[in-house]
């Protein structure tokens, strides 16, 4: 078995993504408090609308970052199980998959499909697959009308990470 | 949040609403409408020779503005017709940040702003005064808040939103051409 690839150490934990988002949102709101020179001539309504626009954009950027962290966490867990010696069924399935696909494995079609075979994580794995459509829409410039089935925002995606931590039990 | 903090919050909000209640909003509205009328006089002056030669058509018409504390009222907008191009000078109101009034110049999807600001203001930098006090020195006295402001109309510089251009004939023509897609 090939050596475990060295991880970059640059991937963000879910908490880091949350704190970054939270601080930026607070800074944005403070910036938009009436009285800043940039807003000379603005009506209060215009200030509010612009702030909401900025907050929405921040929400999307943070959502993308959070979904990227989810992808990183799942892939890193996959690689650790593939190169480790755990004997549970999930790890054995991952090692079989690795023998066929190695690191060129699809997160959605391969890794998450195996998580879906576990009763405890079936529903959550499906939810992550669905949320990744939002990630793709954000990553590829949002130019098409996405069929997401539900509305995503940072709060909802962060809540997914809380479930992931408790149910996936990453090594 | 303690009960004390909540008490202070209630006090603060009540004081704010009382000081707002002292503002004569009807007087504010009248002043702004007077400045608006003066602006229209200036613009009619800039364009008078073209209007006389029937190369430009100017039309004043009322619009309804609704603003917090003032309510609904009428103000005049101006429509400027140059050939097939139409530009509107739309009054926005007086309840603004750092400005006593604003008129948007709209045409072909573009907008430029004319704002009523302190006549001493040339850029946003003029609003910011930084003083550095060394240990032992006396801090400078803050400017008296009741100082009367001389308001004047300025064009917001489109290339540098923090800067204001004098509203003169030349700058107004350039603005009109830009908005009318000249």
Restricting to the range B:52-72, count the residues that are more than 14 Å from chain A (Cβ to nearest Cβ), surrounded by 14 or more Cβ atoms within 10 Å (Cβ to Cβ) and not in a strand (DSSP E or B). 1
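Quick grid of which residues meet (1) at pLDDT below 60; (2) within 14 Å of another protein chain (Cβ to nearest Cβ); (3) under 15 Å from residue A:38 (Cα atoms):
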| position | (1), (2), (3) |
| --- | --- |
| B:127 | yes, yes, yes |
| B:131 | yes, no, no |
| B:141 | yes, no, no |
| B:150 | no, no, no |
| B:159 | no, no, yes |
Residues being surrounded by 11 or more Cβ atoms within 10 Å (Cβ to Cβ) and free of Cβ contacts under 8 Å to residues at least 60 places away in the same chain - total across the range A:143-158: 4
Kindly indicate whether any position in the range A:10-26 is out of contact with any helix residue (DSSP H, G or I) (no Cβ under 6 Å at 6 or more places or on another chain) and within 14 Å of another protein chain (Cβ to nearest Cβ). no
Going by what's in this entry, would residue A:55 be described as over 16 Å from the mean Cα position of the chain (by Cα) and modelled with pLDDT of 95 or more? yes
Checking residue B:29 against (1) under 23 Å from residue B:155 (Cβ atoms); (2) touching a strand residue (DSSP E or B) at 6+ places or on another chain (Cβ under 7 Å), the condition it does not meet: (1)
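The values are calculated or read from the model by the stated rules, or taken from the named source; none is laboratory data. Predicted model, so just to flag it, every value in this text is computed and none were measured. Backbone-built Cβ (ideal geometry, glycine too); neighbour counts: all protein chains shown.
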